[in-house]
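Student: Here it is: the structure, laid out below.
The values are calculated or read from the model by the stated rules, or taken from the named source; none is laboratory data. Please read all numbers here as calculations on a predicted model, not as lab measurements. Cβ coordinates were reconstructed from backbone atoms using ideal geometry, including for glycine residues, and neighbour counts include every protein chain displayed.
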Amino acid sequence: MTTDDDSEPTGSEQDRFDAFVFANRGALLALPAVALAALGKPSAFSIATGLPLAFAGEVVRMWAVGYSGATTRGDTVTAPALVTAGPYAYVRNPLYAGNFVTAAGFALAFTGRNSAAARFVLVGGSLAAMIGIYAIIVPHEEAYLRATFGPAFDSYCARVPRIVPALEPSDPQHGTYDPNVIGKAESRTWLTFAAMLGVLALKAMRA
């Protein structure tokens, strides 16, 4: 005999959970950054190795935001149009790909003087946490896009990979680049980025 406690989550319960994770993705993704800031022990070599990756990831984000606009900052999924140009012609989730590269860069930068075991836990744990969160919010977003754009989104999914970028862009491409939206859309990301740089610099000076 089963009880209510043993039952599987209903579709609506799962949807609410997925929506909660999406709405709070910023706070959840900040937790690995806090762990790195608190426990990391950077070295000159790790900073020189990791920071170029961190900046490269942010460049990818700004490229993507120029096409997708500020709607990516909302607490609920929304998309006024299906964007398939720019980085979206190579990968369906360029913002998250950029985030992952930035996170990997900071994880490497912060852990140069940690023991091998501690570095493995901090770097691996940080990236695993991101993967876990994205494993929830990416299908949540795609369910909305599929319901909104129907066959056009299915065709896009068939042409363009979800996470690992393709080597060649896919056609057709729809959407235009607007650099004017980047400042508004990326202001919080830049503040977080600057805070991480500040903590990294303080730790490096105290080493």
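Student: Identify, please: which residue in the range 42-54 is in contact with a helix residue (DSSP H, G or I) (Cβ under 7 Å, 6 or more places away or on another chain) and surrounded by 15 or more Cβ atoms within 10 Å (Cβ to Cβ) and is, among those, farthest from Gly175 (Cα to Cα)?
Tutor: Pro42
Student: Run Ala38 past the list (1) of a type in the set (A, V, I, L, M, F, W, C); (2) within 14 Å of the chain's Cα centre (by Cα); (3) assigned to a helix (DSSP H, G or I) and report the number of the one that doesn't hold.
Tutor: Result: Ala38 fails condition (2) only.
Student: Right, next: Tell me which residues, restricted to the range 60-95, are in a loop (DSSP other than H, G, I, E, B), under 15 Å from the mean Cα position of the chain (by Cα) and either closer than 17 Å to Asn180 by Cα or without any contact (Cβ under 8 Å) to a residue 40 or more places away in the chain (or both).
Tutor: Gly74
Student: Follow-up. Would you mind stating whether Gly112 is more than 16 Å from Asn93 (Cα to Cα), modelled with pLDDT of 95 or more and in a loop (DSSP other than H, G, I, E, B)?
Tutor: Taking the combined requirement at face value, the residue satisfies it.
Student: Surrounded by 13 or more Cβ atoms within 10 Å (Cβ to Cβ) and over 19 Å from the mean Cα position of the chain (by Cα), is that true of Leu127?
Tutor: So Leu127 does not fit the description; no.
Student: Could you pull out the residue among Ala109, Ala117, Ala103, Ala129 that is more than 30 Å from Val83 (Cβ to Cβ) and touching a helix residue (DSSP H, G or I) at 6+ places or on another chain (Cβ under 6 Å)?
Tutor: Ala109
Student: Right, next: Tell me which of these Arg119 doesn't satisfy, since it passes every other one: (1) over 30 Å from Ser155 (Cα atoms); (2) without any contact (Cβ under 8 Å) to a residue 60 or more places away in the chain; (3) touching a Ser or Thr at 6+ places or on another chain (Cβ under 6 Å); (4) surrounded by fewer than 19 Cβ atoms within 10 Å (Cβ to Cβ).
Tutor: Answer for Arg119: the failing condition is (4).
Student: Any chance you could count how many residues in the range 179-198 are surrounded by 12 or more Cβ atoms within 10 Å (Cβ to Cβ) and more than 21 Å from the chain's Cα centre (by Cα)?
Tutor: Adding up the residues that qualify gives 0.
Student: Here's a follow-up. Could you list, in sequence order, all residues of the range 153-178 that are assigned to a helix (DSSP H, G or I), of a type in the set (Gly, Ala, Ser) and surrounded by 14 or more Cβ atoms within 10 Å (Cβ to Cβ)?
Tutor: Answer for the range 153-178, where residues must be assigned to a helix (DSSP H, G or I), of a type in the set (Gly, Ala, Ser) and surrounded by 14 or more Cβ atoms within 10 Å (Cβ to Cβ): just Ser155.
Student: Something else: Pairs needed: first member in the range 157-168, touching a residue at least 12 places away in the same chain (Cβ under 8 Å); second member anywhere, among the basic types (Lys, Arg); C-beta distance under 6 Å; at least 6 residues apart or different chains.
Tutor: Once the first residue is touching a residue at least 12 places away in the same chain (Cβ under 8 Å) and sits in the range 157-168, its partners that are among the basic types (Lys, Arg) give Val160/Arg92; Arg162/Arg92.
Student: Test of understanding: among Gly26, Gly105, Gly57, Gly98, which residue is touching a residue at least 12 places away in the same chain (Cβ under 8 Å), exposed (fewer than 14 other Cβ atoms within 10 Å of the Cβ), under 30 Å from Lys203 (Cα atoms) and not polar (S, T, N, Q)?
Tutor: Exactly one residue qualifies, and that residue is Gly26.
Student: I would also like to ask the following. What pairs can you find where one residue is in the range 122-137 and free of Cβ contacts under 8 Å to residues at least 24 places away in the same chain, the other is buried (at least 20 other Cβ atoms within 10 Å of the Cβ) and not basic (Lys, Arg), and their Cβ atoms are less than 7 Å apart, with a gap of 6+ or different chains?
Tutor: Val123/Ala107; Val123/Leu108; Val123/Thr111
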